[in-house]
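The values are calculated or read from the model by the stated rules, or taken from the named source; none is laboratory data. No experiment lies behind these values; they were computed from the predicted model shown. Cβ: placed from backbone, ideal geometry, glycine included. Neighbour counts: every protein chain shown.
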């Protein structure tokens, strides 16, 4: 009984004490009851039978992406000429099927941002095509220049090395294509690279430019890009071979004098381009050889000579809602002619164009250029040179079926008021799957009085291509 009274008295005293005193008293009271941790005997017995811990999931480390990327395509194209007349005895027959051409193209890109002290990129492109129509139809009637041009057609495309010397300056050396101007169909300031004009009208200008070996420097500051070019590789337009359907001279083309390659004859060019919100502006200068050339009599024989010319030009485009307004202007000095030999002429070219993109999945563009030859005189008429000549291009492009069906229609005319000639082309491309496409279409030529359309009005053809990309 006495012990119970004492216990109750102690409990009442404890509950009446402050909390800190309670905690301290409990620690003191329980201090003697601490016991060392006891080992569970069952744990000791089963210690050797513990299950394996959950295995750690090993996440494979992703390999660094390769700095090299190889792409390209394999294609087969065919053409059917439906307007060619019957050939003369001994001439090649270009009626019906005129092309059966397999082709392969490879493009290799490399990028080394970390392996070298400065970022370096490498590009290499090559293609090869073989024209089988000559064997299929018998090659004995085809002219040697025609077979030499198309039968084994191996082309080295762009091959260059670009070095980013600073954040603003890049130097690129090798075979390159440089595109100047705003027009997709006509050329005013786009004078750097020559064109492959062997089968005019079959493809767009963007697929016709021929690369030149050059040294290129690009400097970027704000919205401006300054470019300087030194081009020791002298190369002119690749024209239709003699006695081919697109040869307007019927085998009588004069020999072409091509200046030697080298820094002594190097072409020089520079541009300054500004890209702004809703509009662009660019300035261009070039000291180059005239790609078209002029006839010159040497020892009683006509030859094609290429005079050294200077070009200055300006381009601009402005976006206004669904409209894109574009213009180009250039003056070329130092042109020469056979009709007035030894005299330098100047020509001014002015282009205006408009593109409307407000159509559903489609766009329409129209471009026109006037070329004015200064100090023109009647002696130049025999060369087909006019004081003023015009070119225009009307283009429709559309992408339907979720961008799987692509339709392009293009018509161009040279001096339409005087029947200078031109062509019209309709093409339809369908993407069977991401990397496989088929293209078909028709091109009609409008015979005219001006080169390169004089006498080619019978080359109307259907065309087809199947392409597998990788």
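Among residues of the range 114-134 being more than 22 Å from the chain's Cα centre (by Cα) and without any contact (Cβ under 8 Å) to a residue 40 or more places away in the chain, the one that is surrounded by the most Cβ atoms within 10 Å (Cβ to Cβ) is 131.
At least 1 residues being out of contact with any helix residue (DSSP H, G or I) (no Cβ under 9 Å at 6 or more places or on another chain) and closer than 23 Å to residue 101 by Cβ is the threshold, and among the strands (runs of 3 or more DSSP E) wholly inside the range 366-470 those reaching it are 405-414, 422-433, 436-446, 461-469.
Residue 342 fulfils the conditions (1) modelled with pLDDT under 95; (2) assigned to a strand (DSSP E or B) except for a single criterion, (2).
Against the condition without any contact (Cβ under 8 Å) to a residue 12 or more places away in the chain and closer than 24 Å to residue 182 by Cβ, how does residue 277 come out, does it pass? Against the criterion (without any contact (Cβ under 8 Å) to a residue 12 or more places away in the chain and closer than 24 Å to residue 182 by Cβ), residue 277 qualifies. I'd like to know if the range 294-301 contains one or more residues that are in contact with a helix residue (DSSP H, G or I) (Cβ under 6 Å, 6 or more places away or on another chain), in a loop (DSSP other than H, G, I, E, B) and either without any contact (Cβ under 8 Å) to a residue 12 or more places away in the chain or farther than 30 Å from residue 326 by Cβ (or both). Checked against the condition, which is being in contact with a helix residue (DSSP H, G or I) (Cβ under 6 Å, 6 or more places away or on another chain), in a loop (DSSP other than H, G, I, E, B) and either without any contact (Cβ under 8 Å) to a residue 12 or more places away in the chain or farther than 30 Å from residue 326 by Cβ (or both), the range 294-301 yields no hits at all.
Residues in the range 248-271 that are under 28 Å from the mean Cα position of the chain (by Cα) and either over 30 Å from residue 312 (Cα atoms) or part of a strand (DSSP E or B) (or both): 267, 268, 269, 270, 271.
Looking across the range 195-238, the residues that are crowded, with 18+ Cβ neighbours inside 10 Å and in contact with a helix residue (DSSP H, G or I) (Cβ under 8 Å, 6 or more places away or on another chain) come down to 195, 198, 234. Taking the range 239-257 as the region of interest, how many residues are exposed (fewer than 15 other Cβ atoms within 10 Å of the Cβ) and touching a residue at least 12 places away in the same chain (Cβ under 8 Å)? Count: 5. Restricting the range 375-390 to residues that are surrounded by 14 or more Cβ atoms within 10 Å (Cβ to Cβ) and without any contact (Cβ under 8 Å) to a residue 40 or more places away in the chain, the residue that is nearest to residue 400 (Cα to Cα) is 390. The one condition from (1) over 32 Å from the mean Cα position of the chain (by Cα); (2) closer than 27 Å to residue 189 by Cβ that residue 366 does not meet is (1). Residues in the range 405-423 that are more than 23 Å from the chain's Cα centre (by Cα) and crowded, with 17+ Cβ neighbours inside 10 Å were compared, and the one that is nearest to residue 75 (Cα to Cα) is 423. Just give me the residues in the range 224-247 being part of a loop (DSSP other than H, G, I, E, B) and under 22 Å from the mean Cα position of the chain (by Cα), in sequence order. Within the range 224-247, 233, 234, 235, 236, 237 meet the criteria.
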